[in-house]
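Participant: Encoded as structure tokens, here's the structure I'll be asking about.
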Amino acid sequence: MKALKKAARILLVAAFWIGVWALAAWGVGKPLLLPSPVAVAGKLWELMQTAEFYLVTLNSLSNVAIGILFAILGGSLLAILTFRSRLLRELILPLMTVIKSTPVASFIILAFLWIGSANVPSFITLLIVLPVVWTNLDEGLSQIDPQLSEVAKVFRMSFGRRMRLLILPSVKPYFISACRASLGLAWKAGIAAEIITMPRHHIGTMIGEGKLYLETTDMFAWTVTVILLSLVIELLFTSLLKRLDRKPIEEQEV
């Protein structure tokens, strides 16, 4: 019952903003500047009848997924290394600060010159997500109780048991937080990279071409596609992370 109420509330909010959009389009009266929701929905349906739509969508999704995967793996490994070496942490911290403070467009342009348009979206996604993952995991590792670490050393616990009973319970909330924070950033950064570099058969390229050729309805249709995909991905990840958050770490006797 609670889920139905929540779904109904979401639908009402969506209907309200679609209504605002429709009124604004009617007030402007120029589809070239602001197409109506009906026109955009019709165009989106038309696009969904083509094989190219799914090829383009799959390409963009794979770019973002690859970037996130490598960022999580790289950020986790880097967090472990910097946790074990304070000198390395002091060397890495300014780099992460520079990455977080530099405009994404600057990195996109530089990456385009270095590695070509096809690889830029994945690289930019990795670059944006990496500092988020490292920062959260670094904080989580720093919260491990030193006394428990000493107990683990005294009892000569294996690395696997320490990981399962000591490290993972401390790091898990920070890892989940990093994933939640990274998801939206990764998707937006990847699409922005596609819009600027325009690799073939990608969503960002379609949006860029819509702007270039003044096909505003197409541009809105692809933008709606991005929004819908983002909502679906976020919903799936949130559900997965909630299950992970509730799942207890396997306990074994010390």
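Participant: Tell me whether region 33-46 contains one or more residues that are under 25 Å from the mean Cα position of the chain (by Cα), at pLDDT 90 or above and surrounded by 14 or more Cβ atoms within 10 Å (Cβ to Cβ).
Facilitator: yes
Participant: Six or more apart or on different chains, Cβ atoms under 9 Å: show the pairs whose first residue is in region 10-22 and at negative phi and whose second is surrounded by 11 or more Cβ atoms within 10 Å (Cβ to Cβ) and assigned to a helix (DSSP H, G or I).
Facilitator: Close Cβ pairs (under 9 Å, with a partner that is surrounded by 11 or more Cβ atoms within 10 Å (Cβ to Cβ) and assigned to a helix (DSSP H, G or I)) amount to Ile18/Pro37; Gly19/Pro37; Trp21/Pro37; Trp21/Val40; Ala22/Pro37; Ala22/Val38.
Participant: Does Ala71 satisfy the criteria of being assigned to a helix (DSSP H, G or I), touching a helix residue (DSSP H, G or I) at 6+ places or on another chain (Cβ under 6 Å), of a type in the set (Gly, Ala, Ser) and under 26 Å from Ile196 (Cα atoms)?
Facilitator: Against the criterion (assigned to a helix (DSSP H, G or I), touching a helix residue (DSSP H, G or I) at 6+ places or on another chain (Cβ under 6 Å), of a type in the set (Gly, Ala, Ser) and under 26 Å from Ile196 (Cα atoms)), Ala71 qualifies.
Participant: Restricting to region 19-44, count the residues that are farther than 17 Å from Leu214 by Cα and touching a helix residue (DSSP H, G or I) at 6+ places or on another chain (Cβ under 9 Å).
Facilitator: Residues that pass the stated criteria total 7.
Participant: Still on this structure: Give me the pairs: first residue in region 171-194 and in contact (Cβ under 8 Å) with a residue 24 or more places away in the chain and farther than 19 Å from Leu110 by Cα, second residue among the basic types (Lys, Arg) and in a helix (DSSP H, G or I), beta-carbon distance under 9 Å, and six or more apart or on different chains, which are they?
Facilitator: Qualifying pairs under 9 Å: Ile176/Lys242.
Participant: Failed condition for Ser60, given (1) over 16 Å from Thr197 (Cα atoms); (2) at pLDDT 90 or above; (3) not hydrophobic (A, V, I, L, M, F, W, C), with all others met?
Facilitator: Result: Ser60 fails condition (1) only.
The values are calculated or read from the model by the stated rules, or taken from the named source; none is laboratory data. All of these numbers come straight from a predicted model, not from anything done at the bench. Please note: Cβ atoms are built from the backbone with ideal geometry, for glycine as well, and neighbour counts cover all protein chains shown.
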